[in-house]
Amino acid sequence: MRWNLRLAAANRGIWKASELQRMLAEHGLKISAGKMSGLWSGEPASIKLDDLNVICAVLGCGVEELLIPEPGKVRRVDDGQDKQVTAAVSGGPPVVPKRKDSRSLPPA
């Protein structure tokens, strides 16, 4: 996902993080200067859904304008798990789990 807060704010004439910070505070969301800097200039590590709701309300936008999907950046980890699930669902032979250290499992 790409975080798009700065562009969404600019499209509404908000050019400074401090201005948006003040507007958010007026709606009950008090954000520290450090957290606001992270939201404004980069990609936040996390954001609460309640905070995201207030940001959308203040900017008059939807989540889809703030969070832009980037499916090309998603990589698939192929560790064989998908094949086991497919076999079990399709009614194929039963899947017997194996330990990664090559030791045998205890008797059933």
Residue list for the range 42-65, restricted to those being of a type in the set (Gly, Ala, Ser), touching a residue at least 12 places away in the same chain (Cβ under 8 Å) and loosely packed, with under 12 Cβ neighbours inside 10 Å:
42, 60
Output for the range 74-90, where each listed residue is at pLDDT 80 or above and either surrounded by 11 or more Cβ atoms within 10 Å (Cβ to Cβ) or of a type outside the set (D, E, K, R) (or both):
74, 77
I'd like the residue in the range 2-21 that is of a type in the set (Lys, Arg) and touching a helix residue (DSSP H, G or I) at 6+ places or on another chain (Cβ under 8 Å) and, out of all such residues, is farthest from residue 60 (Cα to Cα).
6
Taking the condition of being touching a residue at least 24 places away in the same chain (Cβ under 8 Å) and within 17 Å of the chain's Cα centre (by Cα), how many residues in the range 17-40 meet it?
2
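Criterion first (surrounded by fewer than 12 Cβ atoms within 10 Å (Cβ to Cβ), over 30 Å from residue 98 (Cβ atoms), at pLDDT below 95 and not basic (Lys, Arg)) does residue 71 satisfy it?
yes
The values are calculated or read from the model by the stated rules, or taken from the named source; none is laboratory data. From a predicted model like this one, the values you see are computed outputs, not experimental measurements. Cβ: placed from backbone, ideal geometry, glycine included. Neighbour counts: every protein chain shown.
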